[in-house]
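Structure record follows, encoded as structure tokens.
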Amino acid sequence: MNKLIPFILALFIIAGLNSCKSNKRASDAYGVFEATEITVSSESNGKMLYFNVEEGKTYQQGELLGCIDTLQIYLQIKQLEASIGAALARRPDLPSQVRTLYDKLETLNKERDRIATLVAANAASSKQLDDINAEINITNSQIAAVVSNLTIANKSIMEEVEAMRFQKMQLQNALTKSYIKAPITGTVLKKYIEPNELAFQGKPLFKIADLTDMFIRVYITEDMLSTVHLGQQVEIHLDMPNNQEKVIEGTVSWISAKAEFTPKMIQTKNERVNLVYAVKVAFKNDGSAKIGMPGDVKFK
């Protein structure tokens with residue numbers, strides 16, 4: 001009887017292993033969870049006066065997170081505004097500068113009418129009429145020349161003002177870029193700068209990711225391509241504590257058009273095939289999935 005005990009125990013162990021194998025879920029592909037990560041870099045130079053960013057904290061899109069010193073830009077804008085005002089003050093007053101000539105022309109026209117009446121009555125010579133007409137023509141030419149010169153001068157000044165206004169718009173844009181805002185609604189993954197440190201163009205400030213709309217990147221073999229399509233509903237399995245699992249509904253959002261070699265850290269359904277295709281499965285995360293966490297999917 002004692003000799004039969006090891007044999008009976010072995011039978012129980014084999015039966016238990018077979019039971020575990022039968023209960024284990026059959027998945028089609030494996031991968032890790034990812035999110036769209038954005039590294040926000042500085043677009044201006046200066047000291048970081050204010051930077052309210054904490055790793056792991058969620059911020060809303062457009063929320064003000066920091067401010068780079070804007071004093072120099074502000075002073076340049078004020079200087080340009082003063083220059084614009086001074087340029088506009090130099091504009092010639094066209095009506096006042098030609099008013100004297102118009103008054104003279106009006107007097108000459110009246111004098112011509114009077115002389116023309118006298119000539120008609122043989123009380124004045126035609127030479128007097130010719131002289132007054134000649135003077136009227138000269139005055140008209142003077143008015144045209146003055147108007148042309150003043151118009152050119154005014155146009156030149158307005159072009160100068162327009163150029164300064166564009167410079168002001170550039171400075172205002174630079175001023176706007178000095179305020180650091182969240183580009184998306186997401187969670188800060190990494191912080192690269194602290195208040196009072198120097199920021200410069202291109203320097204990373206923080207990394208943020210949307211942990212609500214996430215995806216899992218898996219790899220499938222060529223023989224599975226015909227069964228996977230965009231928009232297909234997928235079951236995503238997450239390993240939870242105490243040997244529990246959680247199932248999340250996902251959707252195939254992208255299928256690679258080019259085959260690649262199997263990544264070393266990724267297992268596929270058919271491990272004998274070297275070439276695989278990458279597939280992204282998007283899903284709404286309730287906080288269970290974390291970036292880098294392994295998972296597997298079952299295509300419906």
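The values are calculated or read from the model by the stated rules, or taken from the named source; none is laboratory data. Computed from a predicted model, the values in this text were never measured in an experiment. All Cβ positions, glycine included, derive from the backbone under ideal geometry; neighbour counts span all protein chains shown. We work out accessible area using only protein heavy atoms, side chains counted, and drop any ligands, DNA or RNA first. Shrake-Rupley method; radii C 1.70, N 1.55, O 1.52, S 1.80 Å.
Go through the residues of the range 179-196 one by one and say whether even a single one is part of a strand (DSSP E or B), under 16 Å from ASP28 (Cα atoms) and touching an Asp or Glu at 6+ places or on another chain (Cβ under 8 Å).
No, the range 179-196 contains no residue that is part of a strand (DSSP E or B), under 16 Å from ASP28 (Cα atoms) and touching an Asp or Glu at 6+ places or on another chain (Cβ under 8 Å).
Condition check ((1) within 30 Å of LEU225 (Cβ to Cβ); (2) of a type in the set (Ser, Thr, Tyr); (3) open to solvent by less than 80 Å² (accessible area, probe 1.4 Å)) across all residues:
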site: ALA29; (1), (2), (3): yes, no, yes
site: PHE33; (1), (2), (3): yes, no, yes
site: SER41; (1), (2), (3): no, yes, yes
site: GLY46; (1), (2), (3): no, no, yes
site: TYR50; (1), (2), (3): no, yes, no
site: GLU54; (1), (2), (3): no, no, no
site: THR58; (1), (2), (3): no, yes, yes
site: GLU63; (1), (2), (3): no, no, yes
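Specify the residue that is least open to solvent (accessible area, probe 1.4 Å); the eligible residues are those in the range 208-251 that are touching a Ser or Thr at 6+ places or on another chain (Cβ under 9 Å) and in a loop (DSSP other than H, G, I, E, B).
For the range 208-251, the residue satisfying everything is GLN232.
Can you find a residue in the range 148-163 that is open to solvent by less than 70 Å² (accessible area, probe 1.4 Å) and under 32 Å from the mean Cα position of the chain (by Cα)?
yes
Which residues, counting only those in the range 118-129, are part of a helix (DSSP H, G or I), surrounded by 11 or more Cβ atoms within 10 Å (Cβ to Cβ) and of a type outside the set (A, V, I, L, M, F, W, C)?
The answer is GLN128, and nothing else.
Any residue in the range 93-100 that is at pLDDT below 95 and surrounded by 14 or more Cβ atoms within 10 Å (Cβ to Cβ)?
So far as the range 93-100 goes, yes, one or more of its residues are at pLDDT below 95 and surrounded by 14 or more Cβ atoms within 10 Å (Cβ to Cβ).
Please find, within the range 232-260, the residue that is nearest to THR36 (Cα to Cα) out of those that are of a type in the set (A, V, I, L, M, F, W, C) and at pLDDT 90 or above.
The extreme case among them is TRP254.
Quick one: VAL273 ticks every box in (1) within 17 Å of ASP296 (Cα to Cα); (2) modelled with pLDDT under 80; (3) surrounded by 12 or more Cβ atoms within 10 Å (Cβ to Cβ) except a single one, so which number is it?
Failed condition: (1).
Filter the range 130-147 for residues that are within 22 Å of LEU94 (Cβ to Cβ) and either in contact (Cβ under 8 Å) with a residue 40 or more places away in the chain or open to solvent by less than 40 Å² (accessible area, probe 1.4 Å) (or both) and give the result.
ILE136, THR139, GLN142, ILE143, VAL146, VAL147
Does the range 167-175 contain any residue that is surrounded by fewer than 16 Cβ atoms within 10 Å (Cβ to Cβ), of a type in the set (D, E, K, R) and over 30 Å from ILE291 (Cα atoms)?
No, every residue in the range 167-175 fails to be surrounded by fewer than 16 Cβ atoms within 10 Å (Cβ to Cβ), of a type in the set (D, E, K, R) and over 30 Å from ILE291 (Cα atoms).
So, of the residues in the range 67-82 that are polar (S, T, N, Q) and in contact (Cβ under 8 Å) with a residue 24 or more places away in the chain, which turns out to be nearest to ILE193 (Cα to Cα)?
That would be THR70.
Check PRO263 against each of (1) modelled with pLDDT under 90; (2) within 30 Å of TYR277 (Cα to Cα); (3) loosely packed, with under 13 Cβ neighbours inside 10 Å and name the one condition it does not meet.
(3)
Residue by residue through the range 276-300, note down the ones that are over 33 Å from the mean Cα position of the chain (by Cα) and outside any strand (DSSP E or B).
Answer for the range 276-300, where residues must be over 33 Å from the mean Cα position of the chain (by Cα) and outside any strand (DSSP E or B): just LYS300.
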